[in-house]
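S.K.: Provided herewith is a single structure, encoded as structure tokens, for subsequent inquiry.
Nothing in this text is a laboratory measurement; each read-out follows from the coordinates by a stated rule. Source: prediction; values computed, not measured. Here the Cβ is made from the backbone with ideal geometry for all residues, glycine too, and neighbour counts use every protein chain on show.
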Amino acid sequence: MCAPIAAVPIATMVTMGLSAATTAVGVAQQAQQAQQAAAQQASRAWQAAYQTAYQTAQARNAAAVSEYNAQDAERRGAVEEERQRRKTSLLLGTLQARFAAQGSDLLGSPLDLLGDAAAFGEQDALATRYQAVREAWNQRIQAANQTAQADFLANSVVPPLTNHDPGLGIAQSLLGGATNLLGIAERRNLLPKT
């Protein structure tokens, strides 16, 4: 008759031991999962930061190239404008030489022709300048857009979660296991009565 009474506390102890072992295994699994999740999160955060830094650098480089292209357009425009004025000057000199070779004085129609040639030449020079300024302006707008994109990318880096505590899940598991053990002990009347 003594054996059955001793068997009850042994069964309770085995049940409590199994519950403690289950809790320990759960804690170990949660710790491993938390470690893997933290490693994956860190890897994703690093990849995102690297990608963003790369795109930011690309946008800044493109903006610098656009500004260089704008300056180049202005230089080319100034050269073309000057070339057009020289061309007009040569045309005026040629016309004056022809009129002089024909023995005409430079009054009346010949003077009108020279004035028209000078006006059209200046109009061509100004049109060349306008085209260069317009091309430079387009390049600067593009540079401003690329700089804005670079600034946006630089400011859009999302920091990794810093408030995530993998130990919290482990603590919850331990508390849950302890609560289960206390519940088993209470049901078996193993706890002292107060």
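S.K.: In nm, to one decimal, how far is the Ala20 label point from the Ser104 one, both placed 7 Å along Cα→Cβ?
M.R.: 12.2
S.K.: For Asn145 and Gln55 in one chain, what is 0.36 nm times their gap in residues minus the Cα-Cα distance, to one decimal in nm?
M.R.: Gain in length upon complete extension: 31.0 nm.
S.K.: Quick one: 3J(HN,Hα) in Hz for the stretch 85-96, Karplus 6.51/-1.76/1.60 with θ = phi - 60°, rounded, Gly and Pro as x.
M.R.: For the stretch 85-96, the Karplus-derived couplings read 5, 5, 4, 5, 4, 5, 4, 4, x, 5, 5, 4 Hz, x marking Gly and Pro.
S.K.: Please compute the length gained on full extension between Gln96 and Ala48, using 0.36 nm multiplied by the number of residues separating them and subtracting their Cα-Cα distance. Mind dumping the intermediate values first?
M.R.: On the way: separation 48, 0.36 × 48 = 17.28 nm, distance 7.12 nm.
Additional length available on full extension: 10.2 nm.
S.K.: May I ask you to compute the full-extension gain from Ala127 to Arg85, defined as 0.36 nm times their residue separation minus their alpha-carbon distance, rounded to one decimal in nm?
M.R.: Contour length minus Cα-Cα distance gives 14.0 nm.
S.K.: Please report Leu107, Leu91, Leu153 as a ranked list, fewest other C-beta atoms within 10 angstrom at the top and most at the bottom. List each step's numbers first, then the result.
M.R.: Details: Leu107 8, Leu91 15, Leu153 19.
Lowest to highest Cβ neighbour count: Leu107, Leu91, Leu153.
S.K.: At 7 Å along Cα-to-Cβ for each site, give me the label-to-label distance between Ala37 and Asn138 in nm.
M.R.: The answer from the label model is 5.4 nm.
S.K.: Further question on the same structure: Can you work out the Karplus-derived ³J(HN,Hα) for every residue in the stretch 50-60? Use 6.51 cos²θ - 1.76 cosθ + 1.60 with θ = phi - 60°, whole Hz, and x for glycine or proline.
M.R.: 5, 4, 5, 5, 5, 5, 4, 4, 4, 5, 5
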